[in-house]
Each structure stands twice: as structure tokens, then as C-alpha cells.
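**Student:** Here you go, one structure.
Laboratory data are not the source of any read-out in this text; all were calculated from the coordinates shown. As the structure is a prediction and not an experimental result, all values here were calculated from the model. Every residue, glycine as well, gets a Cβ built from its backbone with ideal geometry; the counts of neighbours run over all protein chains shown.
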Amino acid sequence: MPMFKPARLLAAALCLIAAPALAETRVVTSLKPLTLLAQSIATPDTTITTLVPPGSSPHNYNMKPSQRRALDEADVIFWIGPDMETFLSRLLAGADFRQRTISLAAGKATMREPEESEEHAEHGHDDHAEHGHDEHAHHDHGEGEDPHIWLDPALAEDMVETMYNSLAQQPNADTDTLARNLEQFKTRLAETEAEIRTKLDPAQDVSLFAYHSAFVRFAEHYDLNLEGILTLNPELTPGARHIAKIQDQLGHRHHPCLLTEPQFNPGIWEVITEDLNVTFSTWDPLATDVEAGPEGYFDFQHSIADAVLKCLPEQAKH
Ligand SMILES: [Zn+2]
Ligand SMILES: [Zn+2]
């Protein structure tokens, strides 16, 4: 007669109950907008942790020990790349992380070393003019050195596809749901883009000036008139020559609008523009106040368009 060991049976049963918990996929992203993109396709068994907290800038962030632990435990790490989150560059290049780290800039958007020259400021606008894209003729998304790629919805779509490929490869991934979510994301993104183009129509001729290069890719995608960038490197104070040049540009525009960001102190520019007829509007490239969830990225795109609309003379507050 075989000897049944109830304790062993119980242990086996507990294993079966505990098994689904192992299917959980732990994702860590560097920035909230990447979390929004991941949430747009992730299945409910995915936990997503964001490293850079509200109010901090990815250009000069320092990680906390608890975040280092989240990285250690992550199944997948999504980040832009070494030109963006400099605080992660050395760590993620290490043997512990290389295999599970996905650089979203490494795919379609090729990156070059950031230039520090003054001429850099006009790149956004000059590139825009050179390409001469009309209405929706598409610009070359892979080109350019600016690492704020999540602001361009077409690049965001590439990023979500990269995320999909990585999430679908996880053990026990629900690939059917992931694929369905990806298709839904693409449909919703196309709808959102069309809504935003219509919304931005009255703002095509406004002279826009952005605090730092984060605005370039959104402006290019929606054919906005971005005339200058105030701070070439958000970690450095702009040089006197660059300030004088921007001041001159602002003074010669009919109704210039300066797009500021909550992560940076606009104090110096408020002083410089004191005697000029400049409208200020705040937008947030890090989506700080956008509600997290599968609709988050679309709300984020709309929030940027709404900030641009605040530049229109009839809506502007002085
Ligand atoms: Zn930035
Ligand atoms: Zn685009």
C-alpha cells in the first residue's frame, strides 16, 4: 500500500496556487511618458515602475537606493538611451543589465553626439524648412540628434512596437492580448493625431520659442513654427551671445510665444523678456500631471497641443 504524505500533497497544491504570481512581468521605465506608452499595451499582470519622479529632470537625475533595487528585480528596462538619461548610462551598460535593457532610441531614431554650438538652436526650425514637408507628407523620423523622441507620435508608435516585441517574449506572456492592445493603440494614435492637427490649425503661424530642445520633435511632426530654443543644454546656463540672439529674435516677431516647462526655472527669461510683448505658456514634456493608464499617452499629446493653443493672441494672458 503506497504511503501518502499529506504534507507533500499540500505543498504541491500550494505551488499550483502560487504559480500565476510568477507570470507577473516587472517593467521599469526611466520616464513617465515611457510608462504611459508601456501602459497602452501592457496586460494586467504587468507592473510598471518609473524612475524619474515628478518634478525631477532626466537630464541631471540621481537615483535612490530603492530604485536601484527595482532595476535589479526588473524583467525588462525601457529607456531612451545614453544621450537622454545620462544617470543610467554606465549602470545599464553593465553585464547585470545589458540583456534586459531596451534602448528605445537605438531602433529607428539614430542618435549623434549632442552639439554644444550656438547654431544648434536653430536646427529644429532649419531642418523643418529643408524637408519642406507639406500637410502630412512625412518627415524623416529617423534623422536628427534630439533624444526627446517620445514627443513625436510616429516615433512613439515605433517605441510601442519595440515594447510589444520585448513584452511578447516574456515567459507566460499573453501574446494575443498584447497584439490586440497594440492594434488598438495604433488606431487610437491615428485618431488622436487627426484631432490634434485640426486643433492646431489656427496656431500654424505663431512664432514659438521653446525652453529646451524637448519641443523640437512635436513641432516638426505637427508643422509648427518653432523659431528658437532658449537653453541649448538644460544643465548649463545659456551664454550671453545666445541670450542676445534670442532676445533679438523675440523682439522682431509679431506675437512670439515662449513655451516654458515646470522642471526648469524660467526666471532668467522672464527678466530678459520684460520689455518685449511675449506670451508665456507652460507645457510638460514629462507628462507629470497626466493621469496614468492606457489613455495616458493620448491625453499627453492633447496637453501639449493645448499649451500651444494658449499662445494664440485671443487666448493669451499677459
Ligand atoms: Zn529634455
Ligand atoms: Zn513625425
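**Student:** Test of understanding: ordering E24, E193 by Cβ neighbours within 10 Å, fewest first, what list do you get? Let's see the in-between values first.
**Tutor:** Working: E24 13, E193 18.
Going from sparsest to densest Cβ surroundings: E24, E193.
**Student:** Could I ask something else about it? From the Cα gyration tensor of the range 137-244, with a ≥ b ≥ c the square roots of its eigenvalues, which class applies: rounded if a/c is under 1.5, or else prolate if a/b is larger than b/c, or else oblate?
**Tutor:** Numbers: a/c = 3.55, a/b = 1.74, b/c = 2.05.
Verdict is oblate for the range 137-244.
**Student:** Would you mind listing how long the range 243-318 runs along its three principal axes, going by Cα atoms, in whole Å with the largest first?
**Tutor:** So the extents along the principal axes, rounded to whole Å, are 43, 26, 18.
**Student:** Related question: Order these by the 10 Å Cβ neighbour count, fewest first: S57, S207, S66. Walk me through the numbers before you get to the answer.
**Tutor:** Working: S57 16, S207 20, S66 8.
In order of increasing Cβ crowding within 10 Å: S66, S57, S207.
**Student:** Let me ask you something else. Give me M63, M159 ranked fewest to most by other Cβ atoms within 10 Å of their Cβ, as a rough exposure proxy. Don't skip to the end; give the middle numbers.
**Tutor:** Details: M63 15, M159 26.
Ordered by Cβ neighbours within 10 Å, fewest first: M63, M159.
**Student:** Then there's this: With a bin width of 5 angstrom, please list the P(r) values of the range 155-212 as percents of all Cα-Cα pairs, from the 0 bin to the one holding the largest distance.
**Tutor:** Over the range 155-212, the share of Cα pairs per 5 Å bin runs 4, 15, 18, 15, 14, 11, 9, 7, 5, 2, 0 percent.
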